[in-house]
């Protein structure tokens, strides 16, 4: 039987500002990437999101971003590899404390936004972050958002990594993502078809119609897509039809 993880960025609300539909989405996913308080999230939201994940048996990891809440962590920042390593360690430690408090296993790390782009473009920054993760816990999994980062993870025999695919965004032929300025509703059947094809064939159709290789064991579905719940319901139905089993990251590596 084929196994696949469905992950979602969570806990990005803070104060009086709400982002995403965590309560509605959590029952349909297997891994939650929880904001660490820099681009989104706050201590109360972090605690509540970890508890929600625990209630639904969802694996928990940190979604660290650059210290830029006003820009939601999507603006470029001049930071050294050592500084970015410290940003990740700080957020990892904060979320891990809430996981320990609730008896939840802390399983993975998936950088957010401009931090992810920085790591993709700079192997030096990527290595610094990976070495920082290993300094904390060699059992943590790195969720790699693109092939550039995934290839760097392969330099570290002691680091488990999972390649991540996307089904509610489109790909360019070079496997880079076409990121929307504003999330649009997606055809649930099309998204479900893409997920099944990645899970069973490791391929997806790029925006120009060309088939590209996406060897992913985890699929990200965005919780702030307007019809995210409808998409996830359709995906679950389609997975049952194709005998594909959902499993959190720590069961896949």
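Of everything in segment 136-174, what is part of a helix (DSSP H, G or I), touching a residue at least 12 places away in the same chain (Cβ under 8 Å), closer than 19 Å to residue 253 by Cβ and over 14 Å from the mean Cα position of the chain (by Cα)? Give them in sequence order.
136, 147, 152, 153 - these are the residues of segment 136-174 that are part of a helix (DSSP H, G or I), touching a residue at least 12 places away in the same chain (Cβ under 8 Å), closer than 19 Å to residue 253 by Cβ and over 14 Å from the mean Cα position of the chain (by Cα).
Would you point out the residue of segment 175-190, among those that are in a helix (DSSP H, G or I) and in contact with a helix residue (DSSP H, G or I) (Cβ under 9 Å, 6 or more places away or on another chain), that is farthest from residue 75 (Cα to Cα)?
In this case the residue turns out to be 189.
Select from segment 1-16 the residues that are closer than 16 Å to residue 34 by Cα and not in a loop (DSSP other than H, G, I, E, B) and list them in ascending order.
5, 6, 7, 8, 9, 10, 14
For segment 17-45, which positions are more than 13 Å from the chain's Cα centre (by Cα), in a strand (DSSP E or B) and touching a residue at least 12 places away in the same chain (Cβ under 8 Å)?
Hits for segment 17-45: nothing passes.
Which residue is nearest to residue 6 (Cα to Cα), if the candidates are limited to segment 199-253 and must be assigned to a helix (DSSP H, G or I) and free of Cβ contacts under 8 Å to residues at least 40 places away in the same chain?
The qualifying residue nearest to residue 6 (Cα to Cα) is 240.
Of all residues in segment 59-77, count the ones that are touching a strand residue (DSSP E or B) at 6+ places or on another chain (Cβ under 9 Å), surrounded by 24 or more Cβ atoms within 10 Å (Cβ to Cβ) and part of a loop (DSSP other than H, G, I, E, B).
So the count comes out to 3.
If residue 95 satisfies all but one of (1) closer than 20 Å to residue 13 by Cβ; (2) free of Cβ contacts under 8 Å to residues at least 60 places away in the same chain; (3) touching a strand residue (DSSP E or B) at 6+ places or on another chain (Cβ under 6 Å); (4) part of a helix (DSSP H, G or I), what's the number of the condition it fails?
(2)
For segment 106-133, name all the residues that are farther than 18 Å from residue 76 by Cα and loosely packed, with under 15 Cβ neighbours inside 10 Å.
131
Bear in mind these aren't lab numbers, they're just calculated from the coordinates by the rules spelled out. Source: prediction; values computed, not measured. As a convention, Cβ positions derive from the backbone with ideal geometry for all residues, glycine included, and neighbour counts pool all protein chains shown.
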